[in-house]
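Here's the structure, in structure tokens; my notes come after.
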Amino acid sequence: MPQRFADYREAHYGAFARNNRLAEQRTDGHCFGSLSQLEGRIMILYLTALASLLLTALSLGPSFAHVLEAPPRLTVWSPELWREATVFNGQFELFARIGSPLDVGAILMAGLLTCLLAKERPAFWFALAGTCLLALGLMAWFTVVAPANAVLASWTPGPVPADFASIRLRWETGHMVVAAAKLLAFASISMAVLAPRFPARHT
């Protein structure tokens, strides 16, 4: 195998490539079994990374849409319009039905990617940070947005509730916090996929 290709493979595929390179040196380059095993492991890592990025991006999408909608909803819309669009007529129903599984799936897939990169540096730390940020985003949703949703569910047509302003602000800013955590998670996972990989040093 040409030395240049071996160096390229080692830089981009980390420990898997290094282990296979040592095996090739021991067998004068005729280790088709090891090469096949390496390619299988690389494919698993590649597909896991792809799935993690896709799920994180899909999870980020609805949250980012909330951010883009927030300025006019906070500064232009009347209380009646905000309540009508947000609480009634099911505008955000699919956000919950589709967004919730995406959030959980993104965390699980990022966690799996972190496990696969456990011996790679600095990719492991980026993947771990991305997983933690996704979990933090979900925690923020439960602690900030979910209580506001519970109040919204109790609203009925008629006069605007006295606590409208505080609930609206909590709902909108909560989604902004969630979106920020997911955006940082997506960036971190992207770094885990793109960063050079080196073996972990044991002290």
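Values as computed for the structure displayed
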quantity: Positive minus negative residues near Glu80 (Lys, Arg vs Asp, Glu; Cβ under 14 Å); calculated: +2
quantity: Label point distance in nm, Leu47-Glu93, each placed 7 Å from Cα along Cα→Cβ; calculated: 3.6 nm
quantity: Calculated over segment 60-203: convex hull of Cα atoms, volume per residue (Å³); calculated: 109 Å³
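No value in this document is a laboratory result; all are computed from the given coordinates. Predicted, not measured: the structure shown is a model, and the values here were computed from it. For neighbour counting, all protein chains shown are included, and Cβ atoms are generated from backbone atoms with ideal geometry for every residue, glycine included.
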